[in-house]
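Input: a single structure, listed below in C-alpha cells.
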Amino acid sequence: MSLGSSMRPCGDFRTKYASDMTIFATPVTRYLAVAFIIALLFVPLVGSPYVLNLMIQIGYYGIAALGLNLVVGFTGQISLGHSAFFGFGAFASAWLNNSLGIPVFFAIPLAGCLTMLAGLLVGIPAGRIKGLYLAIATLASQFILEDFFARANWFTGGSSGAMAEYFTLFGYAFDTDQSYFYVVLFYVVLMFTFTSNLIRSRDGRALIAVRDHYLSAEIMGINLTWYRVMSFGISALYAGIGGALFGHYLGFVSAEGFTIILSIQFLAMIIIGGLGSIYGTILGTIFMVLLPELMEWSTGLFSGMMPDLVQSLAYIKEMAIGLAIILFLIFEPEGLAHRWKRIKAYWKLYPFSY
Amino acid sequence: MGENTALLQVENISLSFGGVKALQGVSFDVKSGELFSIIGPNGAGKTSMLNCISGRYHPQQGEIRFREQPITKLKPNQRCNLGIGRTFQNLALFNHMSVLDNIMVGRHHLLKNNFLTGGLYWFTGARREELEHRQQVEEIIDFLEIAHIRKAQAGTLSYGLRKRVELARAVALKPDLILLDEPMAGMNHEEKEDMARYIIDLNEEWGMTVVMIEHDMGVVMDLSHRVMVLDFGQRIAAGLPDEIMDNPLVKKAYLGEEDEQPSEESAGVGEVA
Ligand SMILES: Nc1ncnc2c1ncn2[C@@H]1O[C@H](COP(=O)(O)OP(=O)(O)OP(=O)(O)O)[C@@H](O)[C@H]1O
Ligand SMILES: [Mg+2]
C-alpha cells in the first residue's frame, strides 16, 4: 500500500528487503518526487499571486483531505463532519495565540493536538457503531461543533469571529503569499511523508486490515475499538493542522465557512482522488480547488452571449461539484489515482498496450 | 511444560443461537505438540468450536483454558498475545493488501511501533523493527512457497493460493496453538499434498500444536495424532485415528444409517485421556 504499485521496470531485482520497503517504487520515482518538491521551492519566485493563492489552498485543504482519507479510505469508516474539525483547528490555533500568547509557530501543531482530542471524542461512538448510524453520528458532531463555534465567544469570538496573527519565525513575518507558501509546503511535505510512513508500518496496516476484514483483523490481535477511535483522532489532527494553516493565512476566522458543504467537498476530494490513495488525495484536492476556477473562467467566456450566467455562477459552481462527484462515482470509482496508474502502465507498455 | 499437561483444555462448552444448539457440553483437551483433528458432518458445530477457542463466539456455558489459564472471557485480539492463531473456513484475507502486507499484519502483536513512531519511521527505530520482522516473514514465505506472489494483491489470487497465504498469516502470529478450519477445502490433489506437508512441518519442525478441522478422511487419518468427532453439537467419539475409523457411531454419523438408537454408553469409546 505504499505510493508505488508493483509496476517496476524489468531487470530491477531487489537484493535487500530494505530497498523493497521504500515509499516510492523505484529510485527514479523518488528522485522525481524530490525534484518536484525542489521545483516547488521556486514557485514563489515566478508564480503570480493568483497561482500562489491556489497552491496554498491546495496545500491546506490537501492536508485536511488526507486526514479524511485516513478515516474513510484507509479505515473504511464514514465521516460527514470533517469541516468542523478543520474549523476547530483554525479557531484553536487563533485562540492559543491570542489568549495564551503561544507563538503561531507552536500554536499550529498544538491546535492539531487539541483538534485530535475533539476528534477522539467524536470517534468514541465510532468504536461501537458503523455505516449509516456512524454517518448520522458524525453529522450530529458537525452541527454540534458549528453551534459551539457560534456560541463559544471565549474561544471563537462568536458571531464576530477571531483574528489570526501571521506566522512568524525569529521575528520574520510570513505575511505574504510568497513567504506563506513555504510554511504550507513544509506542512504538506511533513504530513504526506508521515502518512506514507504510517501506512507502511504497523498501525497503518492495522487500519487497512480493519477496513478489509475486521473479524480477521481482530483475530490477528488488532484491537478494533482502539483503531476505529484513533483513526478519527488522527484524521482530526490533520484537519486541525490544515485549518490552522488556513486561519493564519486569511488572518481572520469566522464560523460561517465550516459547514456541511465543506465537509462534502472534502469527501469529494478523496472520492475523486481515490479512496485509500495518498497521492490521489492531492490529485483530488487539486481537482476540487481548480474546478470552481474553471467554472468561473468558462462562465466568463460565455457571459458575452448569456449575461445571466454570471448571476447564477454560485449555483453553477455547486452543481459542478455535485456533477463531478457523480461522474467520478460512475466512470472512475477508484479515482484519479487509479487513472494515473493506468496512464503510467500504458506508457510503460507502449506500443504494446494490449 | 510437562509431558502430560494439556496446552488447551475445553470443558463442557455449550453454545446456542436462538433455538439452534451448535454445541452441547463438549469437552476435550489438546496436549502440547499434538496434531488434533475435529471431524463431523456439515453443521456439526466444528467451526463453532474453533470460534469459541479463538474468541469470536462466547459460549453460554463451560470454560476454555489455555496453559491452564481461563480464556473464555478474553477478547479475540487478546488471545493472539497468548499464542493462539487461526485460519478461516471461508477465506478472510485483507483483499486489497499485498500478500506481504497480509502476512505482516500477523506480526501486529509482536511489533511495537505505533502511530507516532511508525509515522516518523526513520528516526524512531520503526524502520529497523519492520525490517527485522520482514526478514522473519520472508522465512515463512519461503517455507510456504509463495515467494512468487508476495507482491500480488491478495484478493486477486486463486483459491488455493489464498488458503496458503492465510496459513502464512496465521504462522506469522508465532502461535503455540494454531487452529486450521478446513485448510484443504476446495483444493486439488496436488495442493492437498503440499498443504499436508506444511501442516506436518509446522507441527514437527516449528513445534506448533495444531487443531485442524478437515473433511478429507484420508488426510485426517494420516496426519492426526488424535481425532474428535462431533455430530449435532455433541461429541460422539474421540481417540486415535484407527479407533475412530472402527467406531460404529462415527460410521453412522457419516453414512447416516438409520438403525437402532445410539446407546449412551458407547459414546466416547476409545477415549485416550
Ligand atoms: N453465527 C451464527 N448464527 C446462527 N447460527 C449459527 C452461527 N454459526 C453457526 N451456526 C449454526 O450452528 C451450527 C453449527 O455450525 P458450524 O459452522 O459450527 O458447523 P460446521 O461443523 O463447521 O459445519 P461445516 O462442515 O459445514 O463447516 C449450524 O446449525 C449453524 O447453522
Ligand atoms: Mg465449518
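Could you check, for the stretch B:100-111, whether at least one of its residues is free of Cβ contacts under 8 Å to residues at least 60 places away in the same chain, open to solvent by 40 Å² or more (accessible area, probe 1.4 Å) and assigned to a loop (DSSP other than H, G, I, E, B)? Give the derivation first.
So the first thing to find is which residues in the stretch B:100-111 are free of Cβ contacts under 8 Å to residues at least 60 places away in the same chain, and the list is B:100-101, B:108, B:111.
With open to solvent by 40 Å² or more (accessible area, probe 1.4 Å) added as a condition, the list becomes none.
No: the stretch B:100-111 contains no residue that is free of Cβ contacts under 8 Å to residues at least 60 places away in the same chain, open to solvent by 40 Å² or more (accessible area, probe 1.4 Å) and assigned to a loop (DSSP other than H, G, I, E, B).
Out of the residues in the stretch A:106-122 that are closer than 14 Å to A:W95 by Cβ and not aliphatic (A, V, I, L, M), state the one that is surrounded by the most Cβ atoms within 10 Å (Cβ to Cβ).
Looking at residues that are closer than 14 Å to A:W95 by Cβ and not aliphatic (A, V, I, L, M), I get A:T115.
What number of residues within the stretch A:188-199 are at the interface with chain B (Cβ under 7 Å from one of its Cβ atoms) and either more than 21 Å from A:A33 (Cα to Cα) or open to solvent by 20 Å² or more (accessible area, probe 1.4 Å) (or both)?
The total comes to 1.
Being over 23 Å from B:L240 (Cβ atoms), surrounded by fewer than 20 Cβ atoms within 10 Å (Cβ to Cβ), under 18 Å from the mean Cα position of the chain (by Cα) and away from ligand 1 (no atom under 16 Å from the Cβ) is true for just one of B:L82, B:L91. Which residue is that?
Values: B:L91 fails: away from ligand 1 (no atom under 16 Å from the Cβ).
That would be B:L82, the only listed residue that is over 23 Å from B:L240 (Cβ atoms), surrounded by fewer than 20 Cβ atoms within 10 Å (Cβ to Cβ), under 18 Å from the mean Cα position of the chain (by Cα) and away from ligand 1 (no atom under 16 Å from the Cβ).
Just a yes or no: is a residue in the stretch A:138-161 basic (K, R) and away from chain B (no Cβ under 14 Å)?
Quick first cut of the stretch A:138-161, residues basic (K, R) only: A:151.
Adding the requirement that they be away from chain B (no Cβ under 14 Å) leaves A:151.
Yes, the stretch A:138-161 has at least one match.
Quick check on my filter: what residues within the stretch B:122-164 are away from chain A (no Cβ under 12 Å) and within 22 Å of B:L110 (Cα to Cα)?
B:I140, B:D142, B:F143, B:L144, B:R164
Could you pull out the residue among A:R211, A:R202 that is over 14 Å from A:Y249 (Cβ atoms), without any contact (Cβ under 8 Å) to a residue 24 or more places away in the chain and either of a type outside the set (S, T, Y) or surrounded by 20 or more Cβ atoms within 10 Å (Cβ to Cβ) (or both)? Steps first, please.
Numbers: A:R211 fails: without any contact (Cβ under 8 Å) to a residue 24 or more places away in the chain.
Exactly one residue qualifies, and that residue is A:R202.
Can you confirm whether B:A126 is without any contact (Cβ under 8 Å) to a residue 40 or more places away in the chain, surrounded by 17 or more Cβ atoms within 10 Å (Cβ to Cβ) and assigned by TED's automatic domain parsing to the domain that holds B:K163? Break it down into steps so the answer makes sense when it comes.
On the way: without any contact (Cβ under 8 Å) to a residue 40 or more places away in the chain: yes; surrounded by 17 or more Cβ atoms within 10 Å (Cβ to Cβ): yes; assigned by TED's automatic domain parsing to the domain that holds B:K163: yes.
Considered against the rule, which asks whether it is without any contact (Cβ under 8 Å) to a residue 40 or more places away in the chain, surrounded by 17 or more Cβ atoms within 10 Å (Cβ to Cβ) and assigned by TED's automatic domain parsing to the domain that holds B:K163, B:A126 comes out as yes.
Output yes when any residue across the stretch B:57-75 is open to solvent by less than 40 Å² (accessible area, probe 1.4 Å), at the interface with chain A (Cβ under 10 Å from one of its Cβ atoms) and away from ligand 2 (no atom under 16 Å from the Cβ), and no when none is.
Within the stretch B:57-75, not a single residue is open to solvent by less than 40 Å² (accessible area, probe 1.4 Å), at the interface with chain A (Cβ under 10 Å from one of its Cβ atoms) and away from ligand 2 (no atom under 16 Å from the Cβ).
Go through (1) open to solvent by less than 10 Å² (accessible area, probe 1.4 Å); (2) in contact (Cβ under 8 Å) with a residue 12 or more places away in the chain; (3) among the hydroxyl-bearing types (S, T, Y) one by one and return the number of the condition B:Y121 breaks.
Against the list (1) open to solvent by less than 10 Å² (accessible area, probe 1.4 Å); (2) in contact (Cβ under 8 Å) with a residue 12 or more places away in the chain; (3) among the hydroxyl-bearing types (S, T, Y), B:Y121 comes up short only on (2).
Hey, can you tell me all the residues within the stretch B:152-186 that are open to solvent by less than 30 Å² (accessible area, probe 1.4 Å) and either within 16 Å of ligand 1 (Cβ to nearest atom) or free of Cβ contacts under 8 Å to residues at least 24 places away in the same chain (or both)?
B:K163, B:E166, B:L179, B:L180, B:D181, B:E182, B:P183, B:M184, B:A185 - these are the residues of the stretch B:152-186 that are open to solvent by less than 30 Å² (accessible area, probe 1.4 Å) and either within 16 Å of ligand 1 (Cβ to nearest atom) or free of Cβ contacts under 8 Å to residues at least 24 places away in the same chain (or both).
Among the candidates A:L237, A:L185, which residue alone is part of a helix (DSSP H, G or I), open to solvent by 10 Å² or more (accessible area, probe 1.4 Å) and within 14 Å of another protein chain (Cβ to nearest Cβ)?
A:L237
Where in the stretch B:1-62 are there strands (runs of 3 or more DSSP E), lying fully within it, with 2 or more residues that are under 18 Å from B:E214 (Cα atoms) and in contact with a strand residue (DSSP E or B) (Cβ under 6 Å, 6 or more places away or on another chain)? Reasoning before the result, please.
On the way: elements: B:6-17, B:20-31, B:35-39.
Per the criteria, B:20-31, B:35-39.
Output the residues belonging to the stretch B:175-217 that are assigned to a strand (DSSP E or B), within 14 Å of chain A (Cβ to nearest Cβ) and more than 13 Å from ligand 2 (Cβ to nearest atom).
Within the stretch B:175-217, the subset assigned to a strand (DSSP E or B) is B:177-181, B:209-213.
Now narrow it down to the ones that are within 14 Å of chain A (Cβ to nearest Cβ): B:177-181.
Answer for the stretch B:175-217, where residues must be assigned to a strand (DSSP E or B), within 14 Å of chain A (Cβ to nearest Cβ) and more than 13 Å from ligand 2 (Cβ to nearest atom): B:L177, B:I178.
Only residues that are in a strand (DSSP E or B) and without any contact (Cβ under 8 Å) to a residue 40 or more places away in the chain: list them for the stretch B:63-75, please.
We begin by selecting, within the stretch B:63-75, every residue in a strand (DSSP E or B); these are B:63-66, B:69-70.
Scanning the stretch B:63-75 gives B:Q69, B:P70.
For the stretch A:203-234, give me each residue that is of a type in the set (V, I, T), facing chain B (nearest Cβ under 9 Å) and farther than 22 Å from B:T156 by Cα.
A:I219, A:I222, A:I234
Suppose we filter B:S48, B:S16, B:S37, B:S27 for residues that are surrounded by fewer than 16 Cβ atoms within 10 Å (Cβ to Cβ), touching a residue at least 24 places away in the same chain (Cβ under 8 Å) and within 15 Å of ligand 1 (Cβ to nearest atom); which single one remains? Spell out the reasoning first.
Values: B:S48 fails: surrounded by fewer than 16 Cβ atoms within 10 Å (Cβ to Cβ); B:S37 fails: surrounded by fewer than 16 Cβ atoms within 10 Å (Cβ to Cβ); B:S27 fails: within 15 Å of ligand 1 (Cβ to nearest atom).
Step by step, each of B:S48, B:S16, B:S37, B:S27 is checked, and only B:S16 is surrounded by fewer than 16 Cβ atoms within 10 Å (Cβ to Cβ), touching a residue at least 24 places away in the same chain (Cβ under 8 Å) and within 15 Å of ligand 1 (Cβ to nearest atom).
The values are calculated or read from the model by the stated rules, or taken from the named source; none is laboratory data. Only a predicted model underlies this, so the values are computations on that prediction, with no experimental measurement involved. Virtual Cβ from ideal backbone geometry, glycine too; neighbours counted across all protein chains shown. Just so you know, the surface numbers come from the protein's heavy atoms only, side chains and all, with ligands and any DNA or RNA stripped out. Shrake-Rupley method; radii C 1.70, N 1.55, O 1.52, S 1.80 Å.
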